[in-house]
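Here is the structure we will look at.
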Amino acid sequence: MVDLKPYVPFTALIIFGNIENLILASQGAVAHVNPFILGGLSLIAVIIWLIIGTYGTKIAIKYADYIEIFGGVAIILLGFQSMLEAMGL
């Protein structure tokens, strides 16, 4: 059985990161990007982040609070950026 305790500090980033992925996917759809290419690239990105997250957690767990703050700010900024671009501003 997999021990999920090391991942608990990163739960908020996982949730908001998935929301950000949805925002970026909708932005790609609005830009008329080929959905198969977008889906393939998204899948590759998710697999890479899964690998980095799995092995990086062991190293970065002592910095979890800082990573969560930095990641949260990055997600918020990217969300605002995509909303402004969607509105044409």
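Contact map, segment 25-45: residues that are over 19 Å from Leu78 (Cβ atoms) paired with residues that are open to solvent by 50 Å² or more (accessible area, probe 1.4 Å), Cβ distance under 8 Å, separation 6+ or inter-chain. Pairs shown: Pro35/Ala29.
Within segment 49-63, residues that are in a helix (DSSP H, G or I) and among the aliphatic types (A, V, I, L, M) reach partners that are open to solvent by 40 Å² or more (accessible area, probe 1.4 Å) and modelled with pLDDT under 75 with beta carbons closer than 8 Å, at six or more positions or on different chains, in the pairs Ile61/Pro6; Ile61/Pro9.
Criterion applied to Val46, Val33 was being in a helix (DSSP H, G or I) and surrounded by 11 or more Cβ atoms within 10 Å (Cβ to Cβ), and the one residue passing it is Val46.
Filtering Ile75, Ile67, Ile61, Ile23 for residues that are open to solvent by less than 80 Å² (accessible area, probe 1.4 Å) and in contact with a Phe, Trp or Tyr (Cβ under 6 Å, 6 or more places away or on another chain) leaves a single hit, Ile75.
Restricting attention to segment 23-55, report how many residues are more than 15 Å from the chain's Cα centre (by Cα) and within 23 Å of Leu4 (Cα to Cα). Selection size over segment 23-55: 1. Collect the residues in segment 2-20 that are acidic (Asp, Glu) and open to solvent by 80 Å² or more (accessible area, probe 1.4 Å), keeping them in residue-number order. If the condition is that a residue be acidic (Asp, Glu) and open to solvent by 80 Å² or more (accessible area, probe 1.4 Å), then Asp3 is the only one that fits.
The values are calculated or read from the model by the stated rules, or taken from the named source; none is laboratory data. Note that the structure is a prediction, hence the values are computed from the model and not measured. Methodologically, a virtual Cβ is constructed for each residue, glycine included, from the backbone with ideal geometry; neighbour enumeration extends over all protein chains shown. Just so you know, the surface numbers come from the protein's heavy atoms only, side chains and all, with ligands and any DNA or RNA stripped out. Shrake-Rupley method; radii C 1.70, N 1.55, O 1.52, S 1.80 Å.
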